[in-house]
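These notes concern the structure reproduced below.
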Amino acid sequence: MATLGGARSRLAYDARAQEALLEGKPELARDILRQLLEAYPQDLEARLELAEACGQLGDLEAAIATLREVVRLDPNHPRAWFLLGKYTIQKGDPKRAIDEPLVHALVVQNRLGSEQGKADVWNAMGVAYQQLGDLERAADSYRQAAAVRQRIGDQRGYATSLKNLATLALARGSYADAERDLERALGLLRQIGDTAGIAELYNAFGGLEEERGRYDRALDAYRHALQLRRDLGDRLTLAQSLNNVGYAYLLLGEYDNAMVYWQQALALHQAAGDREGMVEATQSIGQLQLVQGKWEAALKSFLGTLGESRQLGNKAAVAVSLGNLGRVAQLEGRYPAALASYGEALALVRELGDSRCETEFTLFEAETLGELGMQPAAEALLAPLGKRAAPEVNSEQLADLQSLRGEWSLRRGDLAAAQASFARADGLAAASHSVVARLRARLGEALAAAGGRRGELTRLRAAVADVERLGHLPILLRACEGLAGAELAGGQPAAAEQAARRSLGLAAAAGPYAGAYRLHLLLAKALAARDDSAQAAEAAAEKQRAAQELQRLRRDLTPEQRAAFETLAEVKEIGQYSHPAAGAH
């Protein structure tokens with residue numbers, strides 16, 4: 001067995017390990033501590049430090065195994081039980097953390113009469129309860145921890161509890177409360193120069209700005225946290241920051257940048273065996289796949305994260321997976337499946353008190369009902385949104401609400417109302433710096449203007465080009481459809497044909513598309529307007545394809561949904577062309 005040459009050498013090794021940890025070099029600390037344990041295998045404190053070094057490296061399996069050995073040798077070791085609970089939470093098993101190590105930790109701390117120790121355990125329990133979706137217990141645990149930490153003068157711990165309470169306020173949409181607690185926490189951590197804590201606070205500020213829909217500010221805060229964390233050597237928090245920066249880039253329409261950061265985050269989570277982190281990163285990648293028209297890949301991503309989230313007992317992640325599965329189904333025209341997924345997701349986010357996700361999924365649900373022609377039901381869903389968001393609102397979501405109402409006005413032929421809605425949407429989207437929301441609003445304004453004045457197509461063509469440069473396929477499909485209709489109305493059948501064919505090609509590459517029947521109808525009209533016998537034959541074939549698409553969409557509709565769907569102008573028109581077999585219900 002190797003020897004270190006006495007107590008002085010042992011202390012020197014321990015000091016070197018501590019120095020390495022403080023300098024953000026956990027690999028070096030781990031190697032030094034392993035050498036120390038070869039000579040002193042019963043040294044529990046060195047073993048504890050080794051677990052912390054492994055935890056900073058993201059090697060949660062090694063950290064947990066090392067701590068298991070500590071509590072085997074000393075069943076009353078308070079910090080070992082606490083760290084075991086912490087790393088069990090990070091590994092994605094919050095229920096087990098509460099049921100076993102954190103309960104043991106609290107019992108030991110009560111026996112010792114340690115106020116500091118009890119506060120640390122209560123805070124960790126709050127984190128676990130929050131991940132399980134039990135926000136009331138989470139808040140109670142955080143408050144207990146905060147009260148003790150403030151009383152005993154633990155500024156770092158008190159700041160952490162304030163930050164955790166702020167995350168609960170965010171989930172409930174109480175932005176002013178969240179900002180107040182975060183500002184107080186940041187002031188405390190700056191006083192003591194806690195770099196890791198300051199990075200955590202900037203990360204939380206990014207979440208606040210994201211919730212408010214101010215994505216440029218969110219990106220700045222997330223990048224600040226990332227910069228600090230790169231120097232600290234904690235791979236798990238680094239992975240979290242990489243994922244957050246990627247998501248901010250997605251919201252700002254910078255898709256290539258988003259994927260780069262997410263791939264880095266996913267690699268770190270996988271190396272650490274961090275199941276919660278892997279779910280979050282995969283969900284993010286799935287959202288990008290959805291936007292880019294890789295719907296089969298997105299479906300696979302969200303089905304995988306749904307199963308994993310359910311195994312972990314993470315209700316929030318289950319809701320996100322369900323909501324995005326609903327979005328894929330909606331785009332593909334599987335309307336009953338979309339509404340079922342949205343319904344399940346909404347039940348969960350309401351239980352969790354997540355107002356932002358509730359608004360997002362409600363907008364998607366209303367949009368789906370509108371596509372089915374169930375306008376009164378869709379409007380009823382949207383009516384409470386403004387009241388729910390007041391007085392502080394996510395400006396991007398309000399922009400999407402106005403754009404959705406603008407699209408419905410366009411469908412009714414009310415161009416003045418459409419222009420007013422899209423103008424409001426544009427202002428709200430500008431406040432959020434959401435590229436996607438702003439392009440959607442500007443596209444709608446251009447469509448309303450082109451519909452009112454047939455010769456005014458330049459603005460619309462420019463808007464479609466902007467959407468194409470962004471690469472957001474669902475909006476691009478709508479843009480090309482709107483352009484085809486406007487070109488046709490403006491007496492430009494060749495340009496209408498080109499736009500319709502372009503959109504059909506994009507849709508075919510993505511998979512089944514809900515709006516394909518409208519595109520086939522537009523192409524048929526454009527071909528018929530060419531007044532050519534060869535074109536007439538192709539126009540008739542396109543009408544039949546439109547009818548076949550309708551048959552696919554009708555297949556699983558309920559009687560109520562089908563009756564509403566049949567009232568849509570395009571559906572009625574295609575029905576006139578349908579072969580009896582193709583149009584059969």
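The values are calculated or read from the model by the stated rules, or taken from the named source; none is laboratory data. Predicted model, so just to flag it, every value in this text is computed and none were measured. Heads up, the Cβs are rebuilt from the backbone with ideal geometry, glycines too, and the neighbour counts pull from every protein chain shown. We work out accessible area using only protein heavy atoms, side chains counted, and drop any ligands, DNA or RNA first. Shrake-Rupley method; radii C 1.70, N 1.55, O 1.52, S 1.80 Å.
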Can you list the residues of segment 511-527 with backbone N under 12 Å from a point 7 Å past the Cα of residue 296, pointing along Cα to Cβ?
511-512
Taking the full set of protein chains and a 1.4 angstrom probe, give the accessible area of residue 96 in square angstrom, rounded to the nearest 10.
120
So how exposed is residue 284, as accessible area in Å² (1.4 Å probe, rounded to 10)?
10
Need one number: nm distance between label points at residue 96 and residue 458, each 7 Å from Cα along Cα→Cβ, rounded to one decimal.
6.6
Asserting the computed 222 nm helical MRE of the chain (DSSP H runs at least 4 long, -39500 (n - 2.57) per run, divided by residue count, to nearest 500) equals -27000 deg cm²/dmol
Are there DSSP H segments in the chain that both extend 15 Å or more along their axis (alpha-carbon positions) and score a mean Kyte-Doolittle hydropathy of at least 1.6? List them, or say none.
none
Shape category assigned to the chain from the gyration tensor of Cα positions, a/c cut at 1.5:
prolate
So, with points 7 Å from each Cα along the Cβ direction, the residue 383-residue 61 label distance in nm works out to 5.6
Provide, for the chain, the number of lysine pairs with alpha carbons under 29 Å apart, each pair being eight or more places apart or on different chains.
26
With N denoting the number of residues in segment 76-143, provide Rg(C-alpha) divided by 2.2 N^0.38 Å, to two decimal places.
0.99
Placing +1 at every Lys and Arg Cβ and -1 at every Asp and Glu Cβ, with all other atoms neutral, what dipole size does the chain have around its Cα centre, in debye to the nearest 20?
380
Accessible area (Å², per residue) of the chain, counting only protein heavy atoms and a probe of 1.4 Å
41
Along the charge dipole of the chain, pointing to its positive end and built from +1/-1 on Cβ of Lys, Arg, Asp and Glu, which listed residue (321, 260, 473) has its Cα farthest out?
473
Estimated distance in nm for a label pair at residue 558 and residue 192, the labels positioned 7 Å out from Cα along Cα-to-Cβ:
5.5
Could you please put 362, 195, 237 in sequence from largest to smallest accessible area, using a 1.4 Å probe?
195, 237, 362
May I ask you to rank 88, 458 by accessible area, largest first, using a 1.4 Å probe over the protein chains only?
458, 88
Burial ranking of peptide ranges 102-115, 263-276 (average Cβ count within 10 Å, highest at the top):
263-276, 102-115
If you take the Cα Rg of segment 134-222 and divide it by 2.2 N^0.38 Å, with N the number of residues, what do you get?
1.05
FRET efficiency estimate (nearest 0.05) - Cβ-Cβ, residue 534 to residue 270, R0 41 angstrom
0.15
